[in-house]
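Working notes for the structure below.
The values are calculated or read from the model by the stated rules, or taken from the named source; none is laboratory data. As the structure is a computational prediction, the values presented were derived from the model and not from experiment. Using ideal geometry, Cβ is built from the backbone for each residue, glycine included, and neighbour counts are taken over all protein chains shown.
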Amino acid sequence: MYKSKLSALSPPGSEEALIKKDVMPKKLATGEIVFRGVGKKTVNAPEIRARFESLGVQADWKRFEKISSLRNDIEHYCTSVHPDAIRGMISDTFVIIRDFMTAELAKDPKDELGDKAWELLLSVSEVFERERAHCKQRLDSVDWESATLGEAISELVCAACGSALVTPVGDKRDAGIECRSCGEVEQFESSAERALTEYLGWRNHHAIKDGGEEVLITCPFCSQQAYVVDEECCAICGEACEHTCAMCANPIPVSELSDSSLCGYCQHMVDKD
């Protein structure tokens, strides 16, 4: 479906350049330089994503990555995920197909897939989404004491079975979460750290790759991967680092945040003295 969009956007006579992995320049008799696709290899998912971003094509990559991960697990191994995780994947697939076909391909997904397939996807999606909405409502009712943590927890899946049907055990965040599919209970610290790592991990990856600063680091006070830099606070223990050096008054780089009030250089000078 995504390749179909790239094929449609490929310039006439370009040999479907936008879906080809290899693209080569060609000089025409007029002196004009054009780019044409070569070979039989087509772009993979990361390459499609990069081209979509460059072309302004919208796609739900968060859902796509969840589907892709579970699909790979099922394809290559004997999966241990709960049937509800499979239903969640089908529901996410339904949402992607519906939204992308309608918005980007200007087609009616019901007409394209046929009544039987469409009704099956719709029935599974409606049931699962009602259950997921109920779980999300309960998660949203808890004061997670961190906006980022609240967002991360709402997208967390069960560590044991992969189901997205997780709910809080009680009214307080410290009670942890419970999976409605398999009954697995996960303690707060574990579920919070896992949620934050999964939710912000991609931002950390891109930040480091682009030479920027991390958005999630290990908390100097509780040693959990839970210090949210934008919030200047640990989402688990609530402790906050000094972000401005008490000696030189300069901002402390993220890589130097600690339980000290000094930046790395000033701390070095103090220790030296």
Which of the residues that make up segment 37-70 are closer than 17 Å to Ser4 by Cα and not in a helix (DSSP H, G or I)? Gly37, Lys40, Lys41, Thr42, Val43, Asn44, Gly56, Val57, Gln58, Ala59, Asp60
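Restricting to segment 221-273, count the residues that are in a loop (DSSP other than H, G, I, E, B), polar (S, T, N, Q) and closer than 21 Å to Ala207 by Cα.
The initial filter retains those residues of segment 221-273 that are in a loop (DSSP other than H, G, I, E, B), namely 221-224, 232, 235-243, 245-250, 252-253, 257-263, 273.
Adding the requirement that they be polar (S, T, N, Q) leaves 223-224, 250, 258, 260-261.
If we keep only those that are closer than 21 Å to Ala207 by Cα too, we end up with 224, 258.
Residues flagged as in a loop (DSSP other than H, G, I, E, B), polar (S, T, N, Q) and closer than 21 Å to Ala207 by Cα within segment 221-273 amount to 2.
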Looking at Ser69, Ser125, which is the one that is small (Gly, Ala, Ser) and touching a helix residue (DSSP H, G or I) at 6+ places or on another chain (Cβ under 9 Å)? Ser125
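Of these, Glu131, Glu126, which one is acidic (Asp, Glu), part of a helix (DSSP H, G or I) and free of Cβ contacts under 8 Å to residues at least 24 places away in the same chain?
Details: Glu131 fails: free of Cβ contacts under 8 Å to residues at least 24 places away in the same chain.
Only one candidate passes the filter, namely Glu126.
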Residue by residue through segment 7-43, note down the ones that are within 17 Å of Ser54 (Cα to Cα) and of a type in the set (A, V, I, L, M). Ala8, Leu9, Ala17, Leu18, Ile19, Val23, Val43
Part of a helix (DSSP H, G or I), out of contact with any Asp or Glu (no Cβ under 9 Å at 6 or more places or on another chain) and of a type outside the set (S, T, N, Q) - does that describe any residue in segment 213-220? no
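Looking at segment 27-50 only, could you name the residues that are surrounded by 10 or more Cβ atoms within 10 Å (Cβ to Cβ) and of a type in the set (Val, Ile, Thr)?
Step one: list which residues in segment 27-50 are surrounded by 10 or more Cβ atoms within 10 Å (Cβ to Cβ), which gives 34-39, 41-43, 45, 47-50.
Scanning segment 27-50 gives Val34, Val38, Thr42, Val43, Ile48.
Quick one: is Val142 among the hydrophobic types (A, V, I, L, M, F, W, C) and either touching a strand residue (DSSP E or B) at 6+ places or on another chain (Cβ under 9 Å) or in the same structural domain as Lys5 (by TED's automatic domain parsing) (or both)? Please lay out each step first, then the result.
Working: among the hydrophobic types (A, V, I, L, M, F, W, C): yes; either touching a strand residue (DSSP E or B) at 6+ places or on another chain (Cβ under 9 Å) or in the same structural domain as Lys5 (by TED's automatic domain parsing) (or both): yes.
So Val142 passes the test.
Table: residues versus (1) among the aromatic types (Phe, Trp, Tyr); (2) under 22 Å from Ser69 (Cβ atoms); (3) at pLDDT below 95.
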| site | (1), (2), (3) |
| --- | --- |
| Glu186 | no, yes, no |
| Glu189 | no, no, no |
| Lys209 | no, yes, yes |
| Cys219 | no, no, no |
| Tyr227 | yes, no, no |
| Glu239 | no, no, no |
| Met269 | no, no, yes |
Every listed condition ((1) part of a helix (DSSP H, G or I); (2) among the aliphatic types (A, V, I, L, M); (3) surrounded by 13 or more Cβ atoms within 10 Å (Cβ to Cβ); (4) assigned by TED's automatic domain parsing to the domain that holds Tyr2) holds for Val23 save (1)
Quick test of your reading of the structure: Ser91 fulfils all but one of (1) closer than 23 Å to Leu156 by Cα; (2) out of contact with any Lys or Arg (no Cβ under 9 Å at 6 or more places or on another chain); (3) at pLDDT below 90. Name the failing condition by number. (2)
Somewhere in segment 70-83, is a residue at pLDDT 90 or above and either touching a Leu at 6+ places or on another chain (Cβ under 9 Å) or over 28 Å from Ala235 (Cα atoms) (or both)? no
